[in-house]
Amino acid sequence: MDEMKDILFSDLFKLKKHKSVYIALAVMLGVTLILFVMLWALGVSLEKLSSGSDDLELVVSTRTTLALLSQTLLTGFSDGAMVAPLFAIVIGLFVGGEFSSGSVRLQVARGCSRAKLYFSKLITLCSLLFVYLAICIVFSGILTAVRGYGEGGFSNEDLKIVVRNFFLQLLSQISMASIGVMFSFLTRSKNATIGIMLALLIGLDTVFGLLYGLEMLNVNTDWIMFMPLQQLSVACSSTKLTSLQLVAVIVMPTVYASCSTLLGIFDFRRRDIK
Amino acid sequence: MKAIEISSVTKRFKDKTALSEVTMSVEEGEIFGLVGPNGSGKTTLLRAILGLCSVEGEISLFGSGSERELIVARRNIGALVETPSLKPTFCAVDNMKALAYSLGERDEQKLKDLLEKVGLDANSKKPARNFSLGMRERLAIAMSLIGSPKILILDEPINGLDPNGISKMRELLLRLKSEGVTIVISSHIISELQKVADAYGVLKDGKLVCELHGDDLKSLVRPYVKLVVADMPLAKQIAENNRLEHQILPNGVLKIYEQNDVTALVSIFKDAGVMSASIDSGDIENYILERIGG
């Protein structure tokens, strides 16, 4: 237990000194701010469009869109801040850097358990993820308060959804982080990890985004939310989730995180360290 | 007590056997020099001791039996293998802390003392990427000393050091030895190793071609009188008649051991036609080079 505590302490120390941690956070907040400005501008244009209009349908649809726009920043805060791709870069730089600098080699040579080294990196990065999400939700909350939360204001029901989304998005991002850590340990390279993770995030989003189009042909696309790295969109929802959606956003990230961690540890314990 | 015992260790890569049935031991408190040409398996052997690569055969540290005991025993090893393992953006103290914290060492003053021990400024905030090769090497050695290890494994530690740095390294190694630390050093520079090593292991093509400990070394370096004679059969006869321990070498060279009175020997062997006579002693470097075909 003490050994795990020591390794964790060391990893936290190294992470604290890692510049990419702060740069990624600054970019996340910057992206959130840009999104806020864009949503605001869109809202203003929509309001202008519908003001003075006698078309009831237009007025109602505009109000619905405006309400959605007001909520988007808060309910989908981590998606809006682009936490996933930015965090994938941090994972690659941090864990890949541990291999390229020889830190892992040195720790193994000094009798540190390989499994503990793996878990320590995972726990450290998940803690950082929690901090990122906490900061992003607070920042999104402040910006949403400036803009207003739409008609009726921010109710207890809204608070429940925001808190639910925070934990569901955390779970979804932890699954992404676990996969990222696994690839870092498999490839032992900064660039390879970043490349694979970005390709996975963008590639899978593109493929499944296209497959969602099948809905128009009355093809059921519910299965997509069970696929790897596809839970975030459900976790950003501002409505009540169905049982199937809850299974997708709670069970699947847990399954993916567990499988990737087991695979990563299995490989790390077996392979030689250069 | 044996600090390190290696028994029938073999390491195979896809297309190459890097170590083949290597069996050797290192006594506690000695400086053991591991020598051999490039690609002979020195680094692989050190990496195997450190648990960085899996091998067939057995490795034991301070009598450790099980795999678990071996991992625990590795907590007592300080290591510098291949290139120094440094965080380029961290200063010297932060590099020390990054490793020390994972080993449960939190005393910053101790870390600074280690930096000063190897001649680095403990208060400098200069990042390691701006260090010279020698400074990196010294920082890596300071890191290997964290936690007062009982065994120190150094792979080519004097690479990149200037003569002053090499001299300081030698002093450091001898001081650590006097503190009871067992040291294993691999090096190409046998002449430098000779100044500190108590024992040697010579590797060639993944095989241990010889292992030299105290008595072997004494016999290797003992003095002798070298005679160049015209009539070797007669010289041999004279040596045998006088019960002189001797060795016959090509080109009429006769070595006479445990007899350092050159004048007396020349008069004894005068009938064999002594052409030259001199006192000499064995040379470990030459002996090792002969073994590895250098």
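The values are calculated or read from the model by the stated rules, or taken from the named source; none is laboratory data. In this text the structure is predicted, and so the values were computed from the model without any measurement. Counting neighbours? That spans all protein chains shown, and the Cβs are built from the backbone with ideal geometry, glycine included. Keep in mind that these areas ignore ligands, DNA and RNA; they rest on the heavy atoms of the full protein, side chains included. Shrake-Rupley method; radii C 1.70, N 1.55, O 1.52, S 1.80 Å.
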Residues of segment A:6-17 satisfying the condition of being within 8 Å of chain B (Cβ to nearest Cβ), basic (K, R) and open to solvent by 40 Å² or more (accessible area, probe 1.4 Å): A:K17
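Filtering segment B:75-92 down to residues that are outside any loop (DSSP other than H, G, I, E, B) and surrounded by fewer than 22 Cβ atoms within 10 Å (Cβ to Cβ), which residue is nearest to the other protein chains (Cβ to nearest Cβ)? Please lay out each step first, then the result.
So in segment B:75-92, the residues outside any loop (DSSP other than H, G, I, E, B) come out as B:75-80, B:91-92.
Next, from what is left, pick out any that are surrounded by fewer than 22 Cβ atoms within 10 Å (Cβ to Cβ): B:75-76, B:91.
Working: B:R75: 4, B:N76: 8, B:C91: 10 Å.
Step by step, filter segment B:75-92, then rank; the result is B:R75.
Yes/no matrix, rows are residues, columns are (1) surrounded by fewer than 19 Cβ atoms within 10 Å (Cβ to Cβ); (2) more than 14 Å from chain B (Cβ to nearest Cβ); (3) in contact (Cβ under 8 Å) with a residue 24 or more places away in the chain; (4) assigned to a loop (DSSP other than H, G, I, E, B):
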site: A:V108; (1), (2), (3), (4): no, no, yes, no
site: A:I123; (1), (2), (3), (4): yes, no, yes, no
site: A:L128; (1), (2), (3), (4): no, yes, yes, no
site: A:Y132; (1), (2), (3), (4): no, yes, yes, no
site: A:I137; (1), (2), (3), (4): no, yes, yes, no
Members of segment B:101-117 that are open to solvent by less than 10 Å² (accessible area, probe 1.4 Å) and either among the β-branched types (V, I, T) or more than 8 Å from every other protein chain (Cβ to nearest Cβ) (or both): B:L111, B:L115
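Suppose the filter is assigned to a strand (DSSP E or B), closer than 20 Å to B:T182 by Cβ and open to solvent by 10 Å² or more (accessible area, probe 1.4 Å); does B:E58 pass it?
Details: assigned to a strand (DSSP E or B): yes; closer than 20 Å to B:T182 by Cβ: yes; open to solvent by 10 Å² or more (accessible area, probe 1.4 Å): yes.
Against the criterion (assigned to a strand (DSSP E or B), closer than 20 Å to B:T182 by Cβ and open to solvent by 10 Å² or more (accessible area, probe 1.4 Å)), B:E58 qualifies.
Going residue by residue through segment B:90-102, is there one that turns out to be in contact with a strand residue (DSSP E or B) (Cβ under 7 Å, 6 or more places away or on another chain) and either modelled with pLDDT under 95 or within 30 Å of B:K125 (Cα to Cα) (or both)? It would help to see each step written out before you state the result.
Going residue by residue through segment B:90-102, those that are in contact with a strand residue (DSSP E or B) (Cβ under 7 Å, 6 or more places away or on another chain) are B:90-91.
Still in the list and also either modelled with pLDDT under 95 or within 30 Å of B:K125 (Cα to Cα) (or both): B:90-91.
Yes, segment B:90-102 contains at least one residue that is in contact with a strand residue (DSSP E or B) (Cβ under 7 Å, 6 or more places away or on another chain) and either modelled with pLDDT under 95 or within 30 Å of B:K125 (Cα to Cα) (or both).
Just need a number here: residues in segment A:18-62 that are of a type in the set (K, R) and either open to solvent by less than 50 Å² (accessible area, probe 1.4 Å) or within 30 Å of the chain's Cα centre (by Cα) (or both).
Step one: filter segment A:18-62 for residues of a type in the set (K, R), giving A:19, A:48.
Now restrict to residues that are either open to solvent by less than 50 Å² (accessible area, probe 1.4 Å) or within 30 Å of the chain's Cα centre (by Cα) (or both): A:19.
Counting residues in segment A:18-62 that are of a type in the set (K, R) and either open to solvent by less than 50 Å² (accessible area, probe 1.4 Å) or within 30 Å of the chain's Cα centre (by Cα) (or both) gives 1.
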Any hit, segment B:131-140, residues being under 21 Å from B:I183 (Cα atoms), open to solvent by less than 40 Å² (accessible area, probe 1.4 Å), more than 14 Å from chain A (Cβ to nearest Cβ) and assigned to a loop (DSSP other than H, G, I, E, B): no
In segment B:61-74, the residues that are part of a loop (DSSP other than H, G, I, E, B) and without any contact (Cβ under 8 Å) to a residue 40 or more places away in the chain: B:S64, B:G65, B:S66
Count of residues meeting criterion [over 15 Å from B:M275 (Cβ atoms) and loosely packed, with under 15 Cβ neighbours inside 10 Å] in segment B:249-262: 3
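Residue under question is B:S124, and the condition is that it be open to solvent by 10 Å² or more (accessible area, probe 1.4 Å) and over 29 Å from B:G41 (Cβ atoms); does it hold? Working first, answer last.
Values: open to solvent by 10 Å² or more (accessible area, probe 1.4 Å): yes; over 29 Å from B:G41 (Cβ atoms): yes.
Spelling it out, B:S124 is indeed open to solvent by 10 Å² or more (accessible area, probe 1.4 Å) and over 29 Å from B:G41 (Cβ atoms).
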Residues (over 21 Å from the mean Cα position of the chain (by Cα) and facing another protein chain (nearest Cβ under 10 Å)) located in segment B:54-67: B:S54, B:V55
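Which count do you get for residues in segment A:117-143 that are among the aliphatic types (A, V, I, L, M) and within 21 Å of B:A98 (Cβ to Cβ)?
Applying the first criterion (among the aliphatic types (A, V, I, L, M)) to segment A:117-143 yields A:117, A:122-123, A:125, A:128-129, A:131, A:133-135, A:137-138, A:142-143.
Next cut, within 21 Å of B:A98 (Cβ to Cβ) only: A:117, A:122-123, A:125, A:128, A:131.
Number satisfying all stated conditions: 6.
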Conditions (1) open to solvent by 10 Å² or more (accessible area, probe 1.4 Å); (2) within 12 Å of chain A (Cβ to nearest Cβ); (3) in a loop (DSSP other than H, G, I, E, B): number failed by B:I146: (1)
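I'd like to verify a number: residues in segment A:63-92 that are open to solvent by 50 Å² or more (accessible area, probe 1.4 Å) and in a helix (DSSP H, G or I), how many?
So the first thing to find is which residues in segment A:63-92 are open to solvent by 50 Å² or more (accessible area, probe 1.4 Å), and the list is A:63-65, A:68, A:72, A:79, A:82, A:89.
Going one step further and asking which of them are in a helix (DSSP H, G or I), we end up with A:63-65, A:68, A:72, A:79, A:89.
Count: 7.
For segment B:242-255, which residues satisfy the criterion of being under 12 Å from B:V229 (Cα atoms) and assigned to a strand (DSSP E or B)? Quick ask: steps written out before the conclusion?
Taking segment B:242-255 and keeping what is under 12 Å from B:V229 (Cα atoms), we get B:248-255.
Within segment B:242-255, B:I248, B:L249, B:V253, B:L254, B:K255 qualify.
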Residue list for segment B:153-189, restricted to those being more than 20 Å from B:A199 (Cα to Cα) and acidic (D, E): B:D162
Of the criteria (1) closer than 17 Å to A:K16 by Cα; (2) within 14 Å of chain B (Cβ to nearest Cβ); (3) among the small types (G, A, S), which one A:G92 fails: (2)
Subset tally (residues that are more than 12 Å from every other protein chain (Cβ to nearest Cβ) and outside any loop (DSSP other than H, G, I, E, B)) for segment B:4-53: 24
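What residue, of A:S78, A:S127, is modelled with pLDDT under 95 and either within 28 Å of A:L46 (Cα to Cα) or of a type outside the set (F, W, Y) (or both)? Talk me through it step by step, then tell me what you get.
Working: A:S127 fails: modelled with pLDDT under 95.
That would be A:S78, the only listed residue that is modelled with pLDDT under 95 and either within 28 Å of A:L46 (Cα to Cα) or of a type outside the set (F, W, Y) (or both).
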Number of positions in segment B:118-129 that are within 13 Å of chain A (Cβ to nearest Cβ) and farther than 28 Å from A:Y118 by Cβ: 1
Within segment A:241-274, considering residues that are over 15 Å from the mean Cα position of the chain (by Cα), open to solvent by 70 Å² or more (accessible area, probe 1.4 Å) and touching a residue at least 12 places away in the same chain (Cβ under 8 Å), the one nearest to A:I161 (Cα to Cα): A:L244
Hits in segment B:263-292 - residues which are among the small types (G, A, S), surrounded by 14 or more Cβ atoms within 10 Å (Cβ to Cβ) and either more than 28 Å from the chain's Cα centre (by Cα) or assigned to a helix (DSSP H, G or I) (or both): B:A272, B:G273, B:A277
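Would you check if B:E30 is touching a residue at least 60 places away in the same chain (Cβ under 8 Å), of a type in the set (D, E) and open to solvent by less than 40 Å² (accessible area, probe 1.4 Å)? Working first, answer last.
Values: touching a residue at least 60 places away in the same chain (Cβ under 8 Å): yes; of a type in the set (D, E): yes; open to solvent by less than 40 Å² (accessible area, probe 1.4 Å): yes.
It is true that B:E30 is touching a residue at least 60 places away in the same chain (Cβ under 8 Å), of a type in the set (D, E) and open to solvent by less than 40 Å² (accessible area, probe 1.4 Å).
Kindly indicate which of A:Y118, A:Y132 is modelled with pLDDT of 95 or more, within 25 Å of the chain's Cα centre (by Cα) and under 16 Å from A:G80 (Cα atoms). Before you say what the answer is, go through the steps one by one.
Working: A:Y118 fails: under 16 Å from A:G80 (Cα atoms).
A:Y132 is the lone residue from the list that is modelled with pLDDT of 95 or more, within 25 Å of the chain's Cα centre (by Cα) and under 16 Å from A:G80 (Cα atoms).
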Check on B:K218, open to solvent by 60 Å² or more (accessible area, probe 1.4 Å), within 29 Å of the chain's Cα centre (by Cα) and not hydroxyl-bearing (S, T, Y): yes
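Give the residues of segment B:61-71 that are open to solvent by 20 Å² or more (accessible area, probe 1.4 Å) and in contact with a strand residue (DSSP E or B) (Cβ under 9 Å, 6 or more places away or on another chain), sorted by residue number.
So the first thing to find is which residues in segment B:61-71 are open to solvent by 20 Å² or more (accessible area, probe 1.4 Å), and the list is B:62-63, B:65-69, B:71.
The answer is B:F62, B:G63, B:E69.
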